[in-house]
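S.K.: After the structure tokens below, expect a handful of questions from me.
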Amino acid sequence: RVLGCDGVLSARFCSLVRSLTGHAMSVVGSMDVDELGGASLASAPAVGFEQALPDGFEDEAWETLRGCVHAVFAGQAFPGGLSREQVYQLVEGLCLHGCAPQLCSRLISECSALTDGRLRSLAAGLTEELLLERVAVAWAGHSTTMRQLEVLFLYLDRSHLLRHGAALTVSGPRSIWQCGLLLFRSALEALPGVLDRAIYSALLLVDADRQHRPLRYYADLGSFVGMLSQLGLYEAAFEPRLLERTTSFYRAEGEALLRKLPVASYLQHCDARVEHERTFCDTHLQASTAEALVERVRAELVKRHSGDILLSGFGLLVEGHCVADLTRAFRLLGDVGETQAVRAAWTRVIKSMGAKIMEGENTPEGAKSIIPAVIDLHKKAHEVLASSFGGCCEFARSLKDAFEAFLNAGVQMSVAKLLAKHLDEALEKTSGDPQHFETSIGSIIAVFRHLLAKDAFEAFFRKDLAKRLLSQRSASDDAEGFLLQSLRGECGAGYTSRMEGMLRDLRQSRALLDDFASEPDAKAAMDETGVDLDVLVVTTGFWPPQPPASPEIQYPPPIRMLQDMFSAFYVARHAGRSLKWSPSGGLCTLRMCVGVEARKELVVSALQALVLLRFNTCDRLTVEAICQATGIDTADLHRTLQSLALHKTIKVLLKESKGREILPEDVFLVNSSFSHKHYRIVVPQISAKDPQEEEALTEQRLFEDRQHEVDAVIVRTMKAAKILSHQRLVSDVFSAVAFPIQASDVKKRIESLIEREYLERDAKKPATYKYLA
């Protein structure tokens with residue numbers, strides 16, 4: 001019999017407990033709380049005893065246990081000086097004698113009442129801060145209490161609740177701990193408005209953290225979230241409200257910041273917010289919320305404003321070559337499924353930047369800067385592609401399409417011409433660093449790859465190559481060969497065959513000239529005349545057409561003798577071939593002596609040399625006399641005299657009469673006061689053709705070459721369709737050819753094919769054509 005709260009357990013009661021529990025005391029021994037509550041303890045079988053309990057013993061035992069439960073809830077010592085082992089033995093004895101259901105029911109009822117009393121104080125008017133703190137304290141105390149009761153009633157927990165928990169009044173608990181969770185949840189939900197206010201207080205903490213406001217009770221948030229998770233209220237009551245509040249918060253923040261911040265700063269803010277929410281969730285919330293929370297942040301800050309980001313600020317990032325910001329934009333927009341929108345914006349911006357560059361082709365200064373600007377754009381775009389977009393194949397295709405769009409818009413011939421001119425200048429000024437040169441050529445070839453009018457480029461580049469080789473302005477044969485090798489890799493051997501033939505002519509001419517100079521007669525003739533002969537033998541099919549030389553040109557006897565000797569030498573080496581001398585592309589180096597000490601070397605054309613050599617015997621000559629002595633055509637002679645006498649700074653000859661017009665009676669004489677700071681002077685020439693006329697002639701030759709391709713396209717199209725209208729045929733030809741062409745040109749080719757009986761007109765419909773097999 002228990003004698004009050006401060007009494008002692010009678011000897012009769014202790015003896016009864018020992019007799020009831022039998023072997024249980026020896027099993028429990030001196031186990032401490034942790035050992036009693038160990039998860040590895042097996043479920044004890046419900047063993048019955050034939051000996052009946054004394055009358056009133058079950059009630060007396062429950063009163064003792066009830067006092068222990070109250071002591072645990074109050075955080076006090078057990079009444080009567082009972083130890084944990086004795087309480088455990090008492091519970092075990094009652095269970096072994098079939099009292100487990102009654103004991104379980106009484107325990108749950110008592111815990112329910114005590115839990116209600118513990119939480120009743122939360123219903124008082126508390127501030128949100130104090131309410132969350134009190135709830136956290138109450139949950140911590142309840143958790144500690146239920147863990148202690150779980151240890152004391154471990155035998156009941158394992159032998160009865162684990163097997164028969166679903167049959168109890170509280171639906172579904174399988175352990176004392178679960179009973180405690182359900183009791184706490186029921187008591188909390190029974191208090192009007194307490195749970196909602198506590199959740200609201202927790203959400204205010206989340207808002208404070210997002211607004212970077214320091215608060216002292218952040219620790220209570222983690223405890224409160226853990227409580228909700230244990231009670232099964234986190235996903236049902238807290239998480240939906242958290243996500244809804246997150247959506248509202250970041251929707252307002254996104255709309256406010258996008259108007260104030262540059263796009264780069266806004267993207268940095270979005271990135272920081274995503275990382276902050278992930279870290280905050282790992283620290284204070286449940287890990288299961290992280291993805292949903294981050295998805296809401298991205299949806300409101302990034303996806304909701306993706307159109308504004310891509311339309312207003314994305315172009316500025318590309319133009320500013322902001323690789324880090326573009327990497328961030330690609331990642332953030334890709335996370336919300338806007339990769340294709342980024343790709344479309346990327347294409348649009350590159351096209352726009354390219355179109356701005358191409359606007360400069362209308363002025364000489366702007367045209368000169370187009371190709372360097374396009375190369376720089378191509379280089380930066382590929383850096384962004386590799387660094388920011390991870391070398392994505394779709395973005396690479398978009399970049400290719402964008403460059404082809406603006407490079408081939410309008411007059412494609414102009415881009416091909418500018419690219420050929422840029423290469424011409426690059427090959428004249430090649431630096432001594434081979435690696436730098438190869439890199440530069442690689443950049444130019446990368447732009448050339450996007451050019452559709454490659455045949456136009458070949459025509460202009462071949463013309464410039466011929467001028468470089470004939471005027472000896474090429475930096476090196478290796479540089480020319482490397483470029484042609486790159487072009488062959490892009491377009492095939494047939495594309496570069498004529499240009500490679502030009503370089504081959506140059507090498508063969510040098511070898512041939514060495515053989516000629518080693519001949520005794522030739523060596524003696526050059527020593528006697530003091531003339532060093534340098535000959536470049538060009539093959540007609542490889543080189544651009546050279547202007548025909550006047551048959552009446554009179555070379556000085558020493559030069560004529562060497563020409564005849566070389567012609568005989570060449571014909572002897574190559575039977576069946578003939579040589580035609582063309583002075584228009586040749587250069588001569590003359591030594592000029594003015595006065596006693598003034599000695600200069602003049603690099604002049606062949607026609608300029610013929611004129612100057614006439615002044616070795618005469619100080620003054622008329623135009624008519626020079627024409628008779630040299631045999632130069634009148635128009636060529638006038639241009640030659642103008643270049644020698646009327647240049648602004650280099651005036652080797654003087655013209656007695658005023659004005660630039662050359663008359664037959666005009667007199668020219670040597671400039672005895674000629675001076676120049678350099679020893680070797682290149683005397684400029686006046687071209688026989690205007691540059692625009694020369695380009696027009698090149699374009700005309702190009703179109704003549706293209707006629708065969710146009711004819712093939714027309715025949716191939718008609719062979720497949722058999723019958724086509726004129727409008728449809730012209731449209732198909734436009735789609736098939738890769739160069740600009742006029743409808744009138746297509747019509748001329750159709751008429752030519754009709755004359756050659758490849759096509760015929762329909763007798764009833766003249767605007768319809770039929771294919772003739």
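S.K.: Relative contact order for the chain using alpha-carbon pairs under 8 Å, separation at least 6, rounded to a whole percent?
M.R.: Relative contact order here is 6 percent.
S.K.: Using a 10 Å cut-off on Cβ atoms, rank the peptides 343-350, 530-537, 394-401 from the highest mean neighbour count down.
M.R.: 343-350, 394-401, 530-537
S.K.: Ok, one more. What's the extension gain from Ile723 to Arg620 if we count 0.36 nm per residue and subtract their Cα-Cα distance?
M.R.: Full extension of this stretch gives 29.6 nm more.
S.K.: Also, I was wondering about something else. Give the calculated FRET efficiency between Ala405 and Leu261 to the nearest 0.05, with a Förster radius of 25 Å applied to their Cβ-Cβ distance.
M.R.: Plugging the Cβ-Cβ distance into 1/(1 + (r/R0)^6) gives 0.20.
S.K.: Of the listed values (1) 37.3; (2) 26.9; (3) 32.2, identify the label whose number matches Kirkwood radius over Cα pairs in Å calculated from this model.
M.R.: (1)
S.K.: Using heavy-atom solvent-accessible surface (probe 1.4 Å) with all chains present, what is the largest-first order of Thr289, Thr589?
M.R.: Thr589, Thr289
S.K.: Does the range 508-644 come out rounded, prolate or oblate, given a ≥ b ≥ c as the square roots of the eigenvalues of its C-alpha gyration tensor, rounded meaning a/c under 1.5 and, failing that, prolate meaning a/b above b/c?
M.R.: Here the range 508-644 falls in the oblate category.
S.K.: Lys765 to Glu699: FRET efficiency via 1/(1 + (r/R0)^6), r the Cβ-Cβ distance, R0 41 Å, to the nearest 0.05?
M.R.: 0.70
S.K.: Something else: Please report, ordered by residue number, every helix of the chain (full DSSP H runs) that is 27 Å or longer along its axis going by C-alpha atoms and whose mean Kyte-Doolittle hydropathy reaches -1.0.
M.R.: Details: long enough: 100-119 (28 Å, 0.18); 128-152 (36 Å, 0.23); 239-260 (31 Å, -0.90); 263-284 (31 Å, -0.73); 339-358 (28 Å, 0.23); 364-387 (35 Å, 0.12); 493-517 (35 Å, -0.51); 691-721 (44 Å, -0.82).
For the chain, where a helix must reach 27 Å along its axis and average at least -1.0, the hits are 100-119, 128-152, 239-260, 263-284, 339-358, 364-387, 493-517, 691-721.
S.K.: Separate question: Kindly flag which residue pairs out of Lys523/Lys655; Lys719/Lys748; Lys379/Lys429; Lys417/Lys747; Lys454/Lys770 have an alpha-carbon separation exceeding 30 Å in this structure.
M.R.: Cα-Cα > 30 Å for Lys523/Lys655; Lys454/Lys770; rest within.
S.K.: Just how much of His574 is accessible, in Å², when a 1.4 Å probe is used and the result is rounded to the nearest 10?
M.R.: 60 Å²
S.K.: Something else now. Rounded, prolate or oblate: which one fits the range 246-285, using the alpha carbon gyration tensor with axes a ≥ b ≥ c (rounded when a/c is under 1.5, else prolate when a/b beats b/c, else oblate)? Mind showing how you got there, number by number?
M.R.: Details: a/c = 4.72, a/b = 1.68, b/c = 2.81.
The shape class here is oblate.
S.K.: Can you return the aspartates and glutamates within cross-link range of Lys722? Criterion is Cα-Cα under 18 Å, with same-chain partners fewer than 8 residues away left out.
M.R.: Asp711, Asp732, Glu751, Glu755, Glu757, Glu760, Asp762
S.K.: Calculate, for Ser687 and Arg213, the FRET efficiency according to 1/(1 + (r/R0)^6) with r their C-beta to C-beta distance and R0 56 Å; round to the nearest 0.05.
M.R.: Numbers: r = 79 Å, r/R0 = 1.40.
Here the calculated transfer efficiency is 0.10.
S.K.: Accessible area per residue for the chain in Å², computed with a 1.4 Å probe and the full protein assembly in place, what is it?
M.R.: Per residue, the chain has 51 Å² of solvent-accessible surface.
S.K.: What does the accessible area of Ser673 come to, in Å² to the nearest 10, when a probe of 1.4 Å is used?
M.R.: About 90 Å², rounded to the nearest 10.
S.K.: Only four residue types carry charge here, +1 at the Cβ of Lys and Arg and -1 at the Cβ of Asp and Glu. Report the dipole size of the range 439-509 about the Cα centre in Debye, rounded to the nearest 20.
M.R.: My answer is approximately 140 debye.
S.K.: Determine the relative contact order of the range 559-706: mean sequence separation of Cα pairs under 8 Å and six or more apart, normalised by residue count, in whole percent.
M.R.: Reported as a whole number, the value is 22 percent.
S.K.: Further question: Can you spot the aspartates and glutamates whose alpha carbon is less than 18 Å from Lys351's alpha carbon? Ignore those fewer than 8 places along the same chain.
M.R.: Glu319, Glu359, Glu361, Asp376, Glu383, Glu394, Asp401, Glu404
S.K.: For Thr327 and Asp282, compute 0.36 nm times the residue count separating them, minus their Cα-Cα distance, and round to one decimal in nm. The partial results should precede the final answer.
M.R.: Numbers: separation 45, 0.36 × 45 = 16.20 nm, distance 2.57 nm.
Computed gain between Thr327 and Asp282 is 13.6 nm.
S.K.: Could you pull out every residue, at least 5 positions away or on a different chain, whose amide H is within less than 5 Å of the one on Leu653? Hs are placed 1.01 Å off N in the peptide plane, and Pro or chain starts have none.
M.R.: Close amide H contacts, sequence-distant or interchain: Ala645, Asn671.
S.K.: Follow-up question, since we're still on this one. Can you list residues from other chains, or at least 5 along the same chain, whose modelled amide H is less than 5 Å from the amide H of Leu233?
M.R.: It is none; the list stays empty.
S.K.: Determine which lysines satisfy two conditions relative to Lys677: a Cα distance under 20 Å, and not lying fewer than 8 residues away in the same chain.
M.R.: Cα-Cα hits under 20 Å: Lys600, Lys648, Lys651.
S.K.: Stretch Ala355-Glu656 to full length: gain in nm at 0.36 nm per residue minus the Cα-Cα span? The partial results should precede the final answer.
M.R.: Details: separation 301, 0.36 × 301 = 108.36 nm, distance 5.30 nm.
Additional length available on full extension: 103.1 nm.
S.K.: With a ≥ b ≥ c taken as the square roots of the eigenvalues of the C-alpha gyration tensor of the range 100-158, please select rounded if a/c is under 1.5 and otherwise prolate if a/b is larger than b/c or oblate if it is not?
M.R.: oblate
S.K.: How much of the accessible area of the chain, in percent, comes from carbon and sulfur atoms when a 1.4 Å probe is used?
M.R.: Percent of accessible area from carbon and sulfur atoms in the chain: 52.
S.K.: What is the packing order of peptides 150-157, 415-422, taking the mean over residues of other C-beta atoms within 10 Å and listing the highest first? Write out the running numbers ahead of the final one.
M.R.: Values: 150-157: 24.6, 415-422: 22.2.
Descending packing order for the listed peptides: 150-157, 415-422.
The values are calculated or read from the model by the stated rules, or taken from the named source; none is laboratory data. Since we're looking at a predicted model, the values are computed, not measured. We place every Cβ from the backbone using ideal geometry, glycine too, and count neighbours over all the protein chains shown. Note: accessible area is taken over every heavy atom of the protein model, side chains too, but ligands, DNA and RNA are not part of it. Shrake-Rupley method; radii C 1.70, N 1.55, O 1.52, S 1.80 Å.
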